[in-house]
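The values are calculated or read from the model by the stated rules, or taken from the named source; none is laboratory data. From a predicted model like this one, the values you see are computed outputs, not experimental measurements. Cβ: placed from backbone, ideal geometry, glycine included. Neighbour counts: every protein chain shown.
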Amino acid sequence: MKKLIATGVVPGVRGSGRQVFPLAALQLLQARPAADLTVFDAAEVAVLRSDAPARVEEPDREWIGFGTALDEAQLLAALSGWWRCDPARVTAGAVLPVTVAGFVVAVLTGLTACEADGTAGTAGRVRFQKARLAGYLRDLTAPANATTPTDPEDARLAGLLLGTRLPSLSGGPIAYVPTRPTTTDQIAVEGE
């Protein structure tokens, strides 16, 4: 709840110290469908598990994280990189859903090229410099793409993913979710 409130993606939250989450919003979120990843050809899709926006002092971005107060350029810069990940696995999925508290709030595409930060080993940080913001939400309770993608495939992917539930587990910001879950995966997701 705290992450959803901090990102501004749920309207109607009241209070400054003790916040009140609207019951109607909670009911709408409980009814959000799960993302159907079976439509993807790849065996898995990388998921960026985001937090609320935080200011950073970096030459290519002012913010890291997701928040409805950021404009499109700020969001793209904040979400497209310097993550510890396996770039080949991210690129293979061709799409990077961005989640906050398990809900898809943005979708990145154009993950064909990446740049490493130069740290040694495979655990270095990577930025996807050609990433495109295919879609993002300003209101999770009434999901509508806040941008108009020029690429029809970007629009399709954003339409499939935005506002859906997409649980993922990871020790870091990037998780890898199978597109064809096994019976064990289904039990774990349903039992959460």
Only one of ASP51, ASP71, ASP86, ASP60 is within 16 Å of GLY135 (Cβ to Cβ) and charged (D, E, K, R), namely ASP71
Tell me which helices (runs of 4 or more DSSP H) are completely within the range 1-119 and hold 3 or more residues being of a type in the set (Asp, Glu) and crowded, with 19+ Cβ neighbours inside 10 Å, or say none if there are none. none
Enumeration of residues in the range 112-137 that are at pLDDT 90 or above and over 18 Å from GLY93 (Cβ atoms): TYR136, LEU137
Taking the condition of being buried (at least 18 other Cβ atoms within 10 Å of the Cβ) and assigned to a helix (DSSP H, G or I), how many residues in the range 124-154 meet it? 1
If ASP71 satisfies every condition in (1) in contact with a strand residue (DSSP E or B) (Cβ under 7 Å, 6 or more places away or on another chain); (2) free of Cβ contacts under 8 Å to residues at least 60 places away in the same chain but one, which is the exception? (1)
